[in-house]
Amino acid sequence: MAKEVKKEFIRLRNVSKHYPMGDSVVKALSHLEFKVYEGEFVAIMGPSGSGKSTAMNLVGSLDMPTFGTIYLDDADISELSESDLAQIRGKKIGFIFQSFNLIPNLTVKENVMLPMMFQGTSVEERAGRAEELLKLVELHDRMDHYPGEISGGQMQRVAIARSLANDPEVILADEPTGNLDTKTGDIVMHFLEKLNKQGKTIIMVTHDPDLAEEYADVVYWLLDGKLEKVTKRVGSRFIDVTKKKKKEAALNGVPSKKGTKVPIKSGKSNGVK
Amino acid sequence: MNLDYLILALKNLRHRGIRSWLTLLGIFIGVTAVVALIGLGNGLQAAVSAQFGISSTEIITVQAGGLNAYGPPGSGVVNSLTKDDARAIENIGSVNRVLPRYIQTGKLEFNDRVIFGFASNVPRGDDADFMYEVNDLEIDKGRMLGGSDSNKVVLGANFFVDKVGLEKEVVLGDNVLVQDKSFRVVGILKKKGSFVWDSIVLMDQVALEDLFDTGDDVDVIVAHIKDPDLMDRAAEDIAKLLRKRRDVDEGEEDFEVSTPEATMETVNSILGGVQAFIIIIASISILVGALGIVNTMTTSVLERKKEIGIMKAIGGTNWQIFMQFFFESGLLGLIGGLVGAVLGTLISVAGVAGINSFLGSDMTPVVDFMLIGMALFGSFMIGAIAGIVPAMSAAKQNPVEALRG
């Protein structure tokens, strides 16, 4: 299905994240170039320790890079105050976590209402929207239950509803099926796919290459804290666009260092799935 | 918006473990102590005032003894006051008039039972009404004593209400034997809240003097002063006169001159001392309670680190997270205060009932809503202040680290 690709929403420019550990420094992520266009389904793929969680934290503006710049909707996030950043995050990004991360003391409905409370939405509006969203994920009959009283798959659907509370532009899903069995994982992925078809940008972090290639338009492959390659869906198969870009860059005389300093342009024809 | 934090804080408190509630004991005990004892103190003060039984502020009472001011008047006194003393006091310029008062202990017989109690005099003429007024006495049944009532009595309310050990209430028209002499009951006094007055036997002054053979002695001299502004001056003059008449030096008086104000001051200073002591103990308790809240909130921030991370991820600002923990902490304090205020009020009501049954008084318990309101506001503030540091540490959590839990 053809999707109209719109403006660039998130961009990481030459981003590195280093953690001091005793006397040494752990380079969790080095020279990452990453961009997401509105309406895309992007996967960040990598095995354990590849830096994908670090990448997700940076993309979700939960963390600041040691080097490099992150643009969220064209604004450099390092220039925003922590509170402004929280507000923007709450408004523009919806998070879905592997371990669901629902607040146990709040009911399903209250969990969905919470992001709206942080945005100052009125109680009536919050309640109405939460009910609407829970209907969307087919959990309106579980609204007054506590997270401890529903199944893992249901919790993840609540998390999806919560991520949509403020009608964000992008959904950031960190291993959304990681704690679920195949069947419930499929249901959750079905919801994400549906949302993407409705125009939401989805960024999914996963260690499962099959899952990445089944749903995503673009896959960023990370290994040992570095970007190994970027693949894009063309028709029914994925092509490695990293080499192409490197080649283009070389032809244009731009120095390339292991592909990490080469700007990767997705191009307008990449929204085909 | 603030209401949201309050609701959220309440929801979180609902899921608190017993440990959190136990840390409230300090606040709870402190507030209970303050509310109960201030309530009791007010009750006690009113009860003590009623015991003195004097409503007018222009009255000075003089009694012999000096060291025995709060015992039954005139008891154990060697060197009694005399009628001459009373006349001499009446001649002081600031004194309007003087009433010699007798409060005698004697036996009363009725319904084949014998009890011992107090008898007091009703002076003749105008002085009778003055005596009733000064002592705030009102008739409940029948009538007061008049000029020719030498073989009649008016009894305190307890004779009718409690039967005072006679196992049968005394009613108007009954005859009672006082010191083996028969008197007819013509009136019952209204309940006054004072053990002495509610058990009193009032009789004509001349009859009492004969019956108890008082001679020249009087138990108490009540002096009515012309102007309230002259009270201190008059008290001084009376003391000076009596020192001279009884030949004692200043500071070694064998009599006591007291104004209602001075009496209340003494009572208040004793009660004030007790209350100050209680308030110090309550403050220590509340301080311990506040530290308990600091402790429980700090633990809570650590335990709910992941929750803080989630809230930050879904858009909670530092201020919003601070406010949530701040309100939660304030509510913890408020709940401690609320339980304390309820229990404290119950204790003070029970205490007043205790005072009533012990002193035979008729106090209605005073529920001081202002005090309760202040205690509740104070507990919320103590909780909230105790929560500031933990709430700040919650707000400052790094979202990524917090999400790791």
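The values are calculated or read from the model by the stated rules, or taken from the named source; none is laboratory data. None of the values given here were measured: they were computed from a predicted structure. Because the Cβ atoms are built from the backbone with ideal geometry, glycine has one as well, and the counts that use them run over all protein chains shown. All accessible areas refer to the heavy atoms of the entire protein, side chains included, with ligands and DNA or RNA removed. Shrake-Rupley method; radii C 1.70, N 1.55, O 1.52, S 1.80 Å.
Run A:L62 past the list (1) more than 8 Å from every other protein chain (Cβ to nearest Cβ); (2) buried (at least 22 other Cβ atoms within 10 Å of the Cβ); (3) outside any helix (DSSP H, G or I); (4) aliphatic (A, V, I, L, M) and report the number of the one that doesn't hold.
(1)
Quick check on this structure: which one of A:G259, A:G225, A:G271 is at pLDDT below 85 and closer than 21 Å to A:P65 by Cβ?
Working: A:G225 fails: at pLDDT below 85; A:G271 fails: closer than 21 Å to A:P65 by Cβ.
Checking each option against the conditions leaves just A:G259.
For the stretch A:103-143, what are the residues that are more than 10 Å from every other protein chain (Cβ to nearest Cβ) and of a type in the set (D, E)?
A:E124, A:E125, A:E131, A:E132, A:E138, A:D141
Every residue in the stretch B:234-253 that is buried (at least 18 other Cβ atoms within 10 Å of the Cβ) and in contact with a Lys or Arg (Cβ under 9 Å, 6 or more places away or on another chain), please.
B:A234
Could you count how many residues in the stretch B:155-182 are aliphatic (A, V, I, L, M) and under 27 Å from the mean Cα position of the chain (by Cα)?
Qualifying residue count for the region: 4.
Taking the stretch B:383-404 as the search range and keeping residues that are surrounded by 15 or more Cβ atoms within 10 Å (Cβ to Cβ) and within 10 Å of chain A (Cβ to nearest Cβ), which one is nearest to A:N101 (Cα to Cα)?
Out of the qualifying residues, it is B:L403.
From the list B:G387, B:G383, B:G373, which one is in the same structural domain as B:L291 (by TED's automatic domain parsing), within 27 Å of B:T23 (Cα to Cα) and touching a Phe, Trp or Tyr at 6+ places or on another chain (Cβ under 8 Å)?
B:G387
Taking the condition closer than 28 Å to A:L222 by Cβ, under 15 Å from the mean Cα position of the chain (by Cα), open to solvent by 10 Å² or more (accessible area, probe 1.4 Å) and not aliphatic (A, V, I, L, M), does A:G152 pass?
So A:G152 does not fit the description; no.
Could you list, in sequence order, the residues of the stretch A:78-96 that are within 8 Å of another protein chain (Cβ to nearest Cβ) and either part of a helix (DSSP H, G or I) or open to solvent by 10 Å² or more (accessible area, probe 1.4 Å) (or both)?
Of everything in the stretch A:78-96, those that are within 8 Å of another protein chain (Cβ to nearest Cβ) and either part of a helix (DSSP H, G or I) or open to solvent by 10 Å² or more (accessible area, probe 1.4 Å) (or both) turn out to be A:E82, A:S83, A:A86, A:Q87, A:R89, A:G90, A:K91.
Exactly one condition in (1) over 23 Å from B:T61 (Cβ atoms); (2) over 26 Å from the mean Cα position of the chain (by Cα); (3) of a type outside the set (K, R) is false for B:L145; which is it?
(1)
If I ask for residues that are of a type in the set (D, E) and in contact (Cβ under 8 Å) with a residue 24 or more places away in the chain, which ones from the stretch B:230-276 would you list?
B:D232, B:D237, B:E253, B:D254, B:E256, B:E261
Please work out if A:S50 is touching a residue at least 12 places away in the same chain (Cβ under 8 Å), within 14 Å of A:I93 (Cα to Cα) and among the polar types (S, T, N, Q).
Working: touching a residue at least 12 places away in the same chain (Cβ under 8 Å): yes; within 14 Å of A:I93 (Cα to Cα): no; among the polar types (S, T, N, Q): yes.
For A:S50, the condition - touching a residue at least 12 places away in the same chain (Cβ under 8 Å), within 14 Å of A:I93 (Cα to Cα) and among the polar types (S, T, N, Q) - is not met.
Is one or more of the residues making up the stretch A:16-24 touching a residue at least 60 places away in the same chain (Cβ under 8 Å), surrounded by fewer than 21 Cβ atoms within 10 Å (Cβ to Cβ) and away from chain B (no Cβ under 14 Å)?
Checking the stretch A:16-24: not a single residue is touching a residue at least 60 places away in the same chain (Cβ under 8 Å), surrounded by fewer than 21 Cβ atoms within 10 Å (Cβ to Cβ) and away from chain B (no Cβ under 14 Å).
Residues that are surrounded by 19 or more Cβ atoms within 10 Å (Cβ to Cβ), within 20 Å of the chain's Cα centre (by Cα) and not in a loop (DSSP other than H, G, I, E, B): does the stretch B:225-233 have at least one?
No - not one qualifying residue is present in the stretch B:225-233.
Against the definition (open to solvent by less than 60 Å² (accessible area, probe 1.4 Å) and at pLDDT below 90), how does B:S269 come out, yes or no?
no
Could you figure out which of (1) within 32 Å of the chain's Cα centre (by Cα); (2) not assigned by TED's automatic domain parsing to the domain that holds B:L371 isn't true of B:I281?
Among (1) within 32 Å of the chain's Cα centre (by Cα); (2) not assigned by TED's automatic domain parsing to the domain that holds B:L371, the lone unmet condition for B:I281 is (2).
Is it true that some residue in the stretch A:177-198 is assigned to a strand (DSSP E or B) and crowded, with 17+ Cβ neighbours inside 10 Å?
No, every residue in the stretch A:177-198 fails to be assigned to a strand (DSSP E or B) and crowded, with 17+ Cβ neighbours inside 10 Å.
Among the residues of the stretch B:106-118 satisfying the criterion of being farther than 18 Å from B:K152 by Cα and within 30 Å of the chain's Cα centre (by Cα), which is surrounded by the most Cβ atoms within 10 Å (Cβ to Cβ)?
Filtering the stretch B:106-118 for residues that are farther than 18 Å from B:K152 by Cα and within 30 Å of the chain's Cα centre (by Cα), the one surrounded by the most Cβ atoms within 10 Å (Cβ to Cβ) comes out as B:I115.
Taking the stretch B:309-321 as the region of interest, how many residues are of a type in the set (A, V, I, L, M) and under 14 Å from B:Y5 (Cβ atoms)?
Result for the stretch B:309-321: 2.
Among (1) within 31 Å of the chain's Cα centre (by Cα); (2) crowded, with 22+ Cβ neighbours inside 10 Å, there is one condition B:Q205 misses while meeting the rest; what is its number?
(1)
Tell me, which residue of the stretch B:290-322 that is facing chain A (nearest Cβ under 9 Å) and polar (S, T, N, Q) is surrounded by the most Cβ atoms within 10 Å (Cβ to Cβ)?
That would be B:Q320.
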